[in-house]
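The values are calculated or read from the model by the stated rules, or taken from the named source; none is laboratory data. Predicted, not measured: the structure shown is a model, and the values here were computed from it. All Cβ positions, glycine included, derive from the backbone under ideal geometry; neighbour counts span all protein chains shown. All accessible areas refer to the heavy atoms of the entire protein, side chains included, with ligands and DNA or RNA removed. Shrake-Rupley method; radii C 1.70, N 1.55, O 1.52, S 1.80 Å.
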Amino acid sequence: MNMFRSICLVSLFLTMAVGCSPSYEDIENETPTIRIINNAEELSKRISVVNKPVKLIYPDTSAKVRSAQEQNEPWVLLADVETPTVSGQKLSATQVQIVGTNVYVSYHKRGSDHLGAVEVFDVSDLLNPQIISRIEFLDADVISITVDEAGGVEKLWVSLSDRTHGAVLRQIDLLGNGAFSNAVEDVVISESLSGSTETPASANSVIHSDRFLYVTAGKRNGGTFRFDASTLELIDAQEYENAKYVATNGVDIVSLAAGNNSELRVFPASGNAKTLNIGSITHQGVGADSLMGKTMIHFAEAFPNIAFVAMGQFGVKGYDITADNNSILTEQFVSPPGMLSFGNSNGLASDGEFLYLANGADGLSVAHIPENSSGELDILYTFDLADETGASVNHVSATVAGNFVFVAKGLEGGLKILQKTVLPPLPPVF
């Protein structure tokens with residue numbers, strides 16, 4: 001299969017954008033414009049070290065019971081990071097991935113413009129975090145990222161919405177400290193489609209599992225594409241509409257087709273692929289197209305067969321992926337009614353103890369998963385991180401060790417670095 005690919009070397013000079021001139025088969029003089037900044041002192045000026053307690057908002061009577069504990073055992077806002085500016089325009093954070101003491105954060109430009117970036121934070125000293133490197137894309141939105149963690153961190157893969165080529169998978173080689181190098185390679189997803197002339201507008205997610213990369217792309221044309229992580233060669237593709245997200249529980253690959261009739265598509269390590277129907281995923285407060293909005297799948301360590309799905313205005317629901325093919329699934333877990341006022345559930349994370357719900361304009365909620373493998377999620381509290389008009393919690397990531405949580409609050413809110421405190425159980429309420 002003929003596939004468009006390019007290798008591009010970029011200058012490392014501060015704030016100097018340099019294009020490259022790879023050989024294209026059908027397109028001349030169209031190259032990605034990339035800028036790399038490896039100046040930690042300059043980049044880190046956007047970080048404000050706070051190290052102060054944050055206000056916890058408890059549901060119902062829990063607020064009265066916990067009022068004294070809140071003062072003695074608070075969560076702490078360690079640092080507040082202003083959103084970056086690229087080509088004079090502020091970007092919005094889209095995803096966070098924690099790899100050891102490095103944290104990778106991706107950004108895009110809202111609206112029709114194509115601008116994106118990825119930054120890497122060194123958080124080995126959380127009272128003095130540093131941004132050690134940034135790579136900017138002057139013609140592409142960054143939608144999702146994943147890092148090669150096997151055998152040392154060597155590569156970052158990025159799913160893009162490129163101004164010219166639509167859905168693009170981009171590979172970036174990393175330096176020894178996790179910063180960005182000048183070696184970049186692209187795969188244009190439309191070249192992987194069978195017989196279609198329509199270009200998917202964006203690559204919506206990417207994950208690295210075993211020796212493969214899995215990428216979802218497209219609305220009317222697209223699907224889930226599997227690439228060799230070493231060579232970027234296409235292995236196979238499952239083509240379908242509205243492919244939004246892909247995740248793994250370590251064994252199975254599960255992708256999400258989101259819309260009025262959403263589906264989980266399960267690709268087991270052995271056996272046949274299957275499709276599971278989970279109902280509607282729509283968003284409120286997003287204008288005319290309620291289908292436009294962030295969504296994702298997350299697997300919590302304690303429940304490897306449950307796909308927790310961010311369902312937009314319908315909150316978070318957990319589904320059993322062991323169900324038979326073509327099943328219409330009933331949720332095993334569900335967020336409580338009234339959790340959302342005007343926001344949407346956009347993202348999920350867990351750390352072995354809590355499930356974190358990125359709820360857009362309704363902030364970040366922290367929940368316990370019921371131990372009986374079904375039921376309503378127990379919302380312990382939400383965060384009032386700051387009075388940031390228009391800020392939206394787009395994504396959250398948490399460490400299993402160290403008790404740290406990273407919250408992406410979009411254009412207005414930037415990135416928050418939190419240190420959690422485990423509170424004792426609630427006393428009985430009479």
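The C-beta contact set for the stretch 234-245 (first residue more than 17 Å from residue 263 (Cβ to Cβ) and in contact (Cβ under 8 Å) with a residue 24 or more places away in the chain, second residue open to solvent by less than 40 Å² (accessible area, probe 1.4 Å) and in a strand (DSSP E or B), distance under 7 angstrom, 6+ apart or interchain) comprises 234/225; 234/227.
The listed residues are 160, 175, and the only one of them that is over 24 Å from residue 294 (Cα atoms) and not hydroxyl-bearing (Ser, Thr, Tyr) turns out to be 175.
Do you know which of the residues in the stretch 156-187 that are open to solvent by less than 10 Å² (accessible area, probe 1.4 Å) and assigned to a loop (DSSP other than H, G, I, E, B) is farthest from residue 102 (Cα to Cα)? Once the filter is applied, the top-ranked residue is 179. Residues that are more than 21 Å from residue 163 (Cβ to Cβ) and assigned to a strand (DSSP E or B) within the stretch 225-242 comprise 226, 227, 228, 234, 235, 236, 237, 238, 239, listed in sequence order. Of the numbered criteria (1) free of Cβ contacts under 8 Å to residues at least 24 places away in the same chain; (2) within 16 Å of the chain's Cα centre (by Cα), the one residue 125 fails is (2).
If you go through the stretch 209-224 and keep only what is within 21 Å of residue 108 (Cβ to Cβ), at pLDDT below 95 and not in a loop (DSSP other than H, G, I, E, B), you end up with just 217. Residues in the stretch 259-274 that are touching a Phe, Trp or Tyr at 6+ places or on another chain (Cβ under 9 Å) and not in a loop (DSSP other than H, G, I, E, B): 263, 264, 265, 267, 274.
Report yes if some residue within the stretch 243-258 is open to solvent by 30 Å² or more (accessible area, probe 1.4 Å), of a type in the set (D, E, K, R) and in a loop (DSSP other than H, G, I, E, B); otherwise report no. No, the conditions are met nowhere in the stretch 243-258.
The residue of the stretch 383-409 that is modelled with the highest pLDDT, among those that are part of a strand (DSSP E or B) and open to solvent by 30 Å² or more (accessible area, probe 1.4 Å), is 404. Taking the stretch 364-381 as the range and being within 17 Å of residue 420 (Cα to Cα) and open to solvent by 30 Å² or more (accessible area, probe 1.4 Å) as the test, only 368 passes. Within the stretch 129-143, identify whether any single residue is closer than 18 Å to residue 417 by Cα and either open to solvent by 40 Å² or more (accessible area, probe 1.4 Å) or not in a strand (DSSP E or B) (or both), and answer yes or no. Yes, there is a match, as at least one residue in the stretch 129-143 is closer than 18 Å to residue 417 by Cα and either open to solvent by 40 Å² or more (accessible area, probe 1.4 Å) or not in a strand (DSSP E or B) (or both). Of all residues in the stretch 198-225, those being more than 19 Å from the chain's Cα centre (by Cα) and free of Cβ contacts under 8 Å to residues at least 24 places away in the same chain number 4.
Taking the criterion of being modelled with pLDDT under 85 and either buried (at least 22 other Cβ atoms within 10 Å of the Cβ) or more than 17 Å from the chain's Cα centre (by Cα) (or both), the residues of the stretch 410-425 that qualify are 410, 412, 413, 414, 420, 421, 422, 423, 424, 425.
Please go through the stretch 338-353 and give me each residue that is open to solvent by 10 Å² or more (accessible area, probe 1.4 Å), part of a loop (DSSP other than H, G, I, E, B) and either closer than 16 Å to residue 296 by Cα or aromatic (Phe, Trp, Tyr) (or both), ordered by number. Hits for the stretch 338-353 are 342, 344, 346.
Filtering the stretch 222-236 to residues that are open to solvent by 30 Å² or more (accessible area, probe 1.4 Å) and of a type in the set (Ser, Thr, Tyr) leaves 230, 231.
One residue stands out in the stretch 129-158 among those that are polar (S, T, N, Q) and out of contact with any helix residue (DSSP H, G or I) (no Cβ under 9 Å at 6 or more places or on another chain): the one that is farthest from residue 208 (Cα to Cα), namely 144. Could you list all residues from the stretch 338-357 that are under 20 Å from residue 372 (Cα atoms) and either in contact with an Asp or Glu (Cβ under 6 Å, 6 or more places away or on another chain) or free of Cβ contacts under 8 Å to residues at least 12 places away in the same chain (or both)? If the condition is that a residue be under 20 Å from residue 372 (Cα atoms) and either in contact with an Asp or Glu (Cβ under 6 Å, 6 or more places away or on another chain) or free of Cβ contacts under 8 Å to residues at least 12 places away in the same chain (or both), then 352 is the only one that fits. Filter the stretch 72-100 for residues that are more than 17 Å from residue 143 (Cα to Cα) and within 18 Å of the chain's Cα centre (by Cα); which is least open to solvent (accessible area, probe 1.4 Å)? The selected residue is 81.
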